[in-house]
Amino acid sequence: MIRSPRLLMALILLTSLWRPAQAELPVLRIGYYDFPPSIYTDAAGATHGPTAEVMRKVARQAGYVPYFRALPSARLYAALRDGSVDVWPGAAGKPELAPHTLEGRNLLGEVDLNLYLRPGSALPHSLDALPGDGLIVLNGYNYAPQVLEQLRRPDMRLHKASSHVAALEMLLHGRGDYLLDYGMPMNQARRALGLPELPSLPVRTLPIRFIVSRHAPDAAALLERLDQAYDALEAAGVDLRVPLR
């Protein structure tokens, strides 16, 4: 029987220091690109937003320590292709990622991709009848090649903006005839500038799921653990809503 409190504490400390390495939780590398306010990086480099919180809850429930990596879309896709990112809470059905990723069964939310015109503009009856020859897009975003192909004509000029606010200001000042952007960050930028609703045409609705790199260790098992963790949290009444619209 150990009678000395100091000796007892020393033994407890030694036991914790000699704990086998396999008892430590594995790290889940979560990739994303900024999609405010759903998921974004603050000035100090920390990751925030409801999508980030859902990923933290699911990762911990599945037995992982979440680690976030903020990347532009091109680098995020490359990281999924080479396995340096394990999972992305992102848009399903991207042909360029299909050979390198597995998609989860749970629907985390849906994202609207819209085409915006200047206030007071008349909406065309279809995307094929768009006026003008200038399309504004966001740097660092991948809209899927088939979407841009659908919108661009041979004489179309492509203008790139550094942020959602900058893209909206370009549209308002006539530096492009229309803007391709996602509904949620676009609405945040519009409110920041004090603007009313803009004329818009829906282009596509994208389902958001767990997108796991096929090159992650035990990729299929990882995806199943994430989906099962999501199911368990949902069954326990945990709020997993991800507002994306």
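List of remarks:
- Matching residues in the range 183-200 - criterion: being within 11 Å of Ala167 (Cβ to Cβ) and either in contact (Cβ under 8 Å) with a residue 40 or more places away in the chain or among the hydroxyl-bearing types (Ser, Thr, Tyr) (or both): Pro185, Met186
- Evaluating Leu206 against the criteria (1) over 18 Å from the mean Cα position of the chain (by Cα); (2) under 18 Å from Asn114 (Cβ atoms) leaves one unmet condition, (1).
- When Thr205 is tested against (1) surrounded by 19 or more Cβ atoms within 10 Å (Cβ to Cβ); (2) in a strand (DSSP E or B); (3) polar (S, T, N, Q), only condition (1) is not met.
- Residue count for the range 136-157 satisfying the condition of being under 21 Å from Asp112 (Cα atoms) and either loosely packed, with under 15 Cβ neighbours inside 10 Å or at pLDDT below 90 (or both): 14.
- Residues of the range 104-125 that turn out to be acidic (Asp, Glu) and touching a helix residue (DSSP H, G or I) at 6+ places or on another chain (Cβ under 8 Å), as a count: 1
- Residue-level check: of (1) modelled with pLDDT of 90 or more; (2) over 23 Å from the mean Cα position of the chain (by Cα), Gly132 misses just (1).
The values are calculated or read from the model by the stated rules, or taken from the named source; none is laboratory data. Predicted model only: the values in this text are computed from it and were never measured. Reconstructed Cβ throughout: ideal geometry from the backbone, glycine too, with neighbour counts over all protein chains shown.
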